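Heads up: the structure comes next, in structure tokens.
Values in this text are rule-based calculations from the coordinates and carry no lab data. Predicted, not measured: the structure shown is a model, and the values here were computed from it. Glycine also receives a Cβ, built like all others from the backbone with ideal geometry; neighbour counts cover every protein chain displayed.
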Amino acid sequence: MSIFRLGEQRPPEPQRIDDGVVMRFEHVYEVDPDKMRTFPQQDMPAWDTRRIVDARWDHLDWMHDHFADAVLPAGLESETMMPEEMPSETPGREEER
Amino acid sequence: MDAYTGPNGDGQLQREFVERWRDNAYGCFSSGHKFCREVCPVMQVTRNENHTPTAFHANVVAMEKGLLDVADVADDYVHCTQCGACELRCPNTLFTGDFYRHRTRTVDVVKAMRALMVETGNERPGYKLWNERLAEAHSEPVLGDVVPSQDHVRDWADGLEIPVGGETILFVDCEAAFYRTSYTRAFAQLLQRAGVEFGLMREQWCCGGPAAEMGYMDLARRHAEHNVADWRAVGAKRIIAPDPHDYIAFTEDYPGYFGDDYEFEIALGVELLAELIEQGRIELTKPVERTVTYHDPCRLNKRKGVHKAPRDVLRAIPGLTFKDVDRVTQWSYCSGGGGGLPVEKPAITAEISRRRVERAAGLDVDTLVSACPWSERPLSEAGEAASIDVVDLFELVAESAGIDVGGARRGLVAEERR
Amino acid sequence: MSVAVKSAIDDGVIEELRAIIGDDDRVLPGISSRVNRTRVPAPFPVHRWAEYMPDVAVLPRTTEEVSEVVKLANRLRIPVVPRAGGTGLSDGAVPLRGGICVDVKLMNAIKEIDLVDRTVTVGPGINMLKLNEALRPHGVFYPDDPASYPCSLVGGRIGTGGWSLLGARFGHTRDLVISMQVVLPTGEVAQIGDGGGRKLRKSSTGLTLKQLFTGHQGTLGITTEATLELFPRPEVEFSAFFAFDEYTKAWRTTGALTRSGLATLAGVVLFDEWKLRYLRRDDEAYIPQPESVRAVIAVAMYGTRAEVEPASKRVLEIGRADGGKYLGDEISQGDWASRHDRYATPLHGRSLDGQAVPMSWHCEDAALNYSVLPQVREEWHAIVARYRERYGIFDDWGMFAYTNAAHKPWGDYLVEIDVGIWEQRLDDENWDAWVRCKREISEVSLKYGGSITACHGATRAGDAELVPTEMGSAWPVVLAIKRALDPNNVMNPGKQRLDEAYE
């Protein structure tokens, strides 16, 4: 169970990934806030980021299932990135509520 | 481009509104893809473009361009249950909302427009009356003509010997305190069975959420301030919110009112229950021989991403045959009971519920289980016509725990008191 | 309220419409009803919104209502603009001369599912995703799968002659619609198909009209019912993404894949270097990829396991034979799943100083042959770069090339350059610049023997003026047909230069 505490909703400080991308939550990319000076960002508490990321993965799973009974994997790893460079198996996806 | 003065000379208010919401509006308008339309429960019924989340945003841009004014669109904005399907499904949220920290916020836009309607003399008659009655009784008028009075706000708990006050407060909303008391008694007794210590408020006012949803911001805030003062007065640290509508008010609206001063922990009823069952503090020993399907309440599934805990609870009940429908498919489901829709457009609410129950009927079940008392009212009415029993999750769990719940599903107790 | 937004249709006409429709809630002369049936997702001259509004909207339920409305329009010479989803990427559903917007969304019933003769009959107001949800329990599906799959409606798909991501296997809208009921521009109702029977796929009786009535952009009538193809629901889906350090290698591999002869191949998509740079802005699949990933190919297959499993091995061979590197199962599956609702979102846009700003998405949709893809790519990017530098409100979002020919992966390509436009900064000067940019892009397509629109329709400035050029010697035939079917020019007038039929 997750108890809501306002103090815990503030997102962590960003770590730089590249020129335009930072990361606050593990495996969840975000835009460099400096690029959002003309069109400002919203106040987005941690629970909301979580909700969106989980919803996205559920939606993609749903789309697969909508079109076919099964997805056939190639069963091959990425050939462009080393295993240690890969984000986790389902980036950003946490245990759902 | 100016012009609108309105009956109260309020062009200024509309300009300020547009200024505040134009970024949100352009975020949608520049896109205008309408991925929201087919998941919107109102749109599924009316098929009228005026009621789309797209239109709700486009109107703000249209106001900016001097094409229309709040009076022209006031009726359109009634057509929304604030279920959150659109804003979640919108690719601006679903695919890039977390990346940019900028997502679609149709619920906020609709609330803000309704507030503008109130401020400019364009309020809806049904909303007006509803909130006048709320202002008087501090509970929503959930009993028709009978006033839900503070004198009777704890009557649902008769015989349960629940104290007042303490560190953990059980918040009991209007529908639960006066109408579907079986739901409330089930949950309270489950907590007692698990040995959870909790108390009630000294003065239980409405959370204020629905008032805010209908645009009555001052009224909403006053109720919030009262409730928080009550919590502080009894030294409360944690609030248990069984009703999803309250959970949203306490985790979204209240932080907005109180800022960093807001020190309370908010626990969602169904998640707490799931944990208590998992820890073995509640044993479910009595089989419940029903074939059920689960209705994901909008304010749990779409608005908060809560969909696993209720299913875990259902799967813990012995004897149950559970035919599930996944939570993504249920983004387009709704009871039609939220956002003030039943107050102004009861026929649309009834049709939305009829369709929801029809989907359940298609699964060959005898029971539709929900986890939100506000949804259960219109769903129950539709359920009667389809011979499907609509029950709350807590009621089912209590039955399986061998608890003799008491209370009533339709405020009969209150009616007897007339 | 200003004079500019006053309706050109008087109360007398409104009363007549109410008498036809019989329900005041479905005749909508109010300003919000007009404002919200104007634009579509394509970039829109927001500063001139009022000029593109209809005068009234009607929401019919039956073919008879549509027929009577169109007859009224002919009698009084009022334009009619059909609108289904209003999700098109060109201006087919945008009124150019006011008039009556016939909004068909209420006509969304599934009227019949025939599992024996394999058809489903629907109203034009139904969305394909919702249709397929209803078809699923029967083990069948309707594979019309554009990037607007969750929001576009069958009537609009027919009107635009839509393209499907899975078209190389299953065909596009034109191939998936068996027959339809159409209200003609003069109000008569006609059953249009391939021959006479509603469920017949191929015949040679009379003149075969079905092709003509798919892709007319609402200029030859309003579809009020359609009978559609039913396919068996696929057992498996296989998708694979390959990365290349050079565009040319990716282009050659695209050719190899599409010529492979694999029957379950549903679609191949080639992403160019600009597209990769754009994806690195905010797409979690591409942000962490090394610099050497400069071009990508996506391949998808659908069918029985017995066919797809061995075919998938061949795809993996071909995909990697010329320097291609497999991007892994997770990206291959996740990115493919996101392609069914891949309308570009506004914050992909970047201003000249690198700020994220909401831009409206222009999706170019030329059809071009394989041989010219690399050259067209260079010329198009050069055009957009010029306009971006000069005007600042445009942004190059890269290019895709998708298999375009129905059932023939080796055929032509839907070639897309995605251009972001900062609508909030639009004025007449910027808008005119945009139209010129769009025209230059289209002229390149014609130069290389292509078409200026594979599926969106040439219904807007920047495209429309080139329609006669592209049609060439066929143009007089087109005009003759338009004039014959729509003598009063009421059906979506002003689109595609068809006004020339009346000069």
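Under a straight-distance cross-link criterion of Cα-Cα below 19 Å, which lysines are reachable from B:K304, leaving out those fewer than 8 residues away in the same chain?
B:K111
Normalised by the residues of segment C:365-499, what does the relative contact order come to in percent, with Cα pairs under 8 Å and at least six apart?
Values: 174 pairs, mean separation 35.4, N = 135.
It comes to 26 percent, rounded to a whole number.
Based on the alpha carbons, how large is the Rg to Rh ratio for chain B when Rh follows Kirkwood? Write out the running numbers ahead of the final one.
Numbers: Rg = 21.2 Å, Rh = 22.0 Å.
Using only Cα positions, Rg/Rh for chain B is 0.96.
Could you state the angle between the C-alpha long axis of helix C:475-485 and the longest principal axis of the C-alpha atoms of chain C, as a value from 0 to 90 degrees rounded to the nearest 10?
So the helix axis and the longest Cα principal axis differ by about 40 degrees.
Can you give me the orientation-averaged projected area of the convex hull built on the Cα atoms of chain C, in nm²?
Details: hull surface 94.2 nm².
Computing the convex hull of the Cα atoms and averaging its projections yields 23.5 nm².
Among the GluC sites (Glu not before Pro) within segment C:269-306, which fall in a DSSP loop and have no more than 12 other Cβ atoms within 10 Å of their own Cβ? Mind dumping the intermediate values first?
On the way: sites: C:E273, C:E284, C:E291; in loops: C:E284, C:E291.
In loop regions of segment C:269-306 (DSSP not H, G, I, E or B), the sparsely surrounded GluC sites (Glu not before Pro) are C:E291.
State to the nearest 20 debye the size of the charge dipole of the protein assembly as shown about its Cα centre, where the only charges are +1 on K and R beta carbons and -1 on D and E beta carbons.
So the dipole magnitude of the protein assembly as shown works out to roughly 2360 debye.
Over 29 Å apart: what share of the alpha carbon pairs of segment C:236-460 falls there, rounded to a whole percent? Kindly include the intermediate steps, with their values, before the conclusion.
On the way: 6676 of 25200 pairs.
Distances greater than 29 Å cover 26 percent of the Cα pairs.
Excluding residues on the same chain fewer than 8 positions from C:K111, give the aspartates and glutamates whose Cα lies under 16 Å from its Cα.
Here the aspartates and glutamates satisfying the reach criterion relative to C:K111 are C:E133, C:E225, C:E229.
When A:E77, A:E30, C:E330 are ordered from fewest to most other Cβ atoms inside 10 Å of their Cβ, what list results?
Numbers: A:E77 15, A:E30 23, C:E330 19.
By the 10 Å Cβ count, ascending: A:E77, C:E330, A:E30.
To the nearest 10 degrees, how steep is helix A:46-67 against the longest Cα principal axis of chain A, on a 0 to 90 scale?
20
Relative contact order, percent, of chain B when contacts are C-alpha pairs under 8 Å separated by at least 6 residues?
Numbers: 741 pairs, mean separation 72.6, N = 418.
It comes to 17 percent, rounded to a whole number.
Beyond 21 Å, what share of the Cα-Cα pairs of segment C:93-162 is found? Please give it as a whole percent. Present the calculation step by step, with values, prior to reporting the outcome.
Working: 708 of 2415 pairs.
Within segment C:93-162, distances greater than 21 Å cover 29 percent of Cα pairs.
Which of B:R114, B:R20, B:R193 ends up with the largest GNM mean-square fluctuation for chain B, with Cα atoms connected below 10 Å?
B:R20
Is there a pair in B:K65/C:K105; B:K65/B:K345; C:K249/C:K325; C:K105/C:K130; C:K438/C:K495; B:K65/C:K438 whose C-alpha atoms are over 18 Å apart, and which pairs would that be?
Values: B:K65/C:K105 27 Å; B:K65/B:K345 30 Å; C:K249/C:K325 11 Å; C:K105/C:K130 13 Å; C:K438/C:K495 16 Å; B:K65/C:K438 26 Å.
B:K65/C:K105; B:K65/B:K345; B:K65/C:K438, as the Cα separations exceed 18 Å there.
If you take all C-alpha pairs in segment B:160-258, what percent of them are over 21 Å apart? List each step's numbers first, then the result.
Values: 1424 of 4851 pairs.
So the portion of pairs separated by more than 21 Å is 29 percent.
Tell me the angle of helix B:269-278 to the major Cα principal axis of chain B, expressed in degrees between 0 and 90 and rounded to the nearest ten.
Roughly 40 degrees, rounded to the nearest 10.
Mind giving me the nanometre distance, one decimal, between the label points for C:D499 and C:E133, set 7 Å out from Cα along Cα→Cβ?
4.2
Given Cα positions, please report Rg to Rh for segment B:280-400, the hydrodynamic radius being the Kirkwood one. Display every interim value, and only then the final one.
On the way: Rg = 13.9 Å, Rh = 14.5 Å.
With Rh from the inverse mean 1/r over Cα pairs, Rg/Rh is 0.96.
Using the C-alpha atoms of segment B:43-109, what convex hull volume per residue, in cubic angstrom, is computed? It would help to have the intermediate numbers written out before the result.
Values: hull volume 6.3 nm³, N = 67.
Roughly 94 Å³ of hull volume per residue.
What translational diffusion coefficient, to the nearest whole µm²/s, does segment C:3-103 have by Stokes-Einstein, given a Kirkwood radius computed over alpha-carbon pairs, a temperature of 20 °C and 1.002 mPa s viscosity? Present the calculation step by step, with values, prior to reporting the outcome.
Details: Rh = 13.6 Å.
My calculation gives 158 µm²/s for D.
For the peptides B:284-291, C:94-101, B:209-216, what is the packing order when you average, over each peptide's residues, the other Cβ atoms within 10 Å and list the highest mean first?
Values: B:284-291: 14.1, C:94-101: 22.5, B:209-216: 26.6.
In decreasing order of mean packing, B:284-291, C:94-101, B:209-216 become B:209-216, C:94-101, B:284-291.
GNM, chain B, Cα, under 10 Å: largest mean-square fluctuation among B:T96, B:T349, B:T251?
B:T96
Using a Förster distance of 51 Å, how high is the FRET efficiency between C:S203 and C:T248, based on the Cβ-Cβ distance and rounded to 0.05? Let's see the in-between values first.
On the way: r = 45 Å, r/R0 = 0.89.
The calculated FRET efficiency here is 0.65.
Determine how many Å³ per residue the convex hull of the Cα atoms of the protein assembly as shown encloses.
Working: hull volume 170.7 nm³, N = 1018.
Expressed per residue, the convex hull around the Cα atoms of the protein assembly as shown is 168 Å³.
Report, ordered by chain and residue number, the lysines lying within cross-link reach of B:K286, taken as a straight Cα distance under 26 Å and ignoring same-chain residues fewer than 8 apart.
Within the straight-line cut-off, B:K286 pairs with B:K308, B:K323.
Can you list, bin by bin at 5 Å, the percent of alpha carbon pairs in segment C:110-232, starting at 0?
Computed distribution, short to long bins: 2, 12, 23, 26, 21, 11, 4, 1, 0.
In percent, what relative contact order does chain A have, based on Cα pairs under 8 Å that are 6 or more apart in sequence?
On the way: 59 pairs, mean separation 25.9, N = 97.
It rounds to 27 percent for chain A.
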